[in-house]
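Asks: Let me begin by handing over the structure; questions about it come next.
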Amino acid sequence: MQSLQEKASQWSGVHQADAFAIDETNLFEKLGLQSFINLSTNFYNRVYDDEEEWFRSIFANSKKEDAIQNQYEFFVQRMGGPPMYSQRRGHPALIARHRPFPVTHQAAERWLQHMQNALDESSDIDPESKIKMMNFFRHTAFFLVAGDELKNQNKQHQVGCKCKHAAEKPAEE
């Protein structure tokens, strides 16, 4: 059975070593807080203005300002900065936090398209950092797709299963 990381690498086309190349340099020290705020703001402006209703609907229950803050704080923390996200929201737990949303291949590709465009417009981020960041984003997006697939498999298993754990957990979890 493939791990979620292995599936993420397969589906994203990004090897784990390339996905985690962001750890080789402290991108927070290199780029500064404002670069991450600008990137997240540019990204979410694109997301909330997306012409596809199915994609916008994924974010419909979130306030744009909150989404921007959550994202840049996570990026800052993950890329060498202070633990802003964890201090405010607890452990990132990406799969659990994305569990309510349909994180499909199509949604991941759309998300990545907006992130690539936001990165392309970021004049305060150097080309090498953009590549490292995009590899991380691509791998992570498909890590979340693999987590969503696992969630759906577990739901299907619990609905059709007469085993002990199915009785302990309701099917709608």
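Asks: How many of the residues in the stretch 47-73 are assigned to a helix (DSSP H, G or I) and either more than 21 Å from HIS139 (Cα to Cα) or in contact with a Pro (Cβ under 6 Å, 6 or more places away or on another chain) (or both)?
Replies: Total meeting the criteria: 9.
Asks: Please go through the stretch 1-38 and pick out each residue that is over 18 Å from the mean Cα position of the chain (by Cα) and of a type in the set (D, E, K, R).
Replies: Passing the criteria: GLU24, GLU29, LYS30.
Asks: Only one of (1) within 21 Å of GLN77 (Cβ to Cβ); (2) surrounded by fewer than 17 Cβ atoms within 10 Å (Cβ to Cβ); (3) at pLDDT 95 or above is not met by LEU27, so which one is it?
Replies: Only one criterion is unmet by LEU27, namely (2).
Asks: Further question on the same structure: Go through (1) surrounded by 15 or more Cβ atoms within 10 Å (Cβ to Cβ); (2) not in a helix (DSSP H, G or I) for GLN2 and report which single condition fails.
Replies: Looking at each condition in turn, GLN2 falls short on (1).
The values are calculated or read from the model by the stated rules, or taken from the named source; none is laboratory data. As the structure is a computational prediction, the values presented were derived from the model and not from experiment. Every residue, glycine as well, gets a Cβ built from its backbone with ideal geometry; the counts of neighbours run over all protein chains shown.
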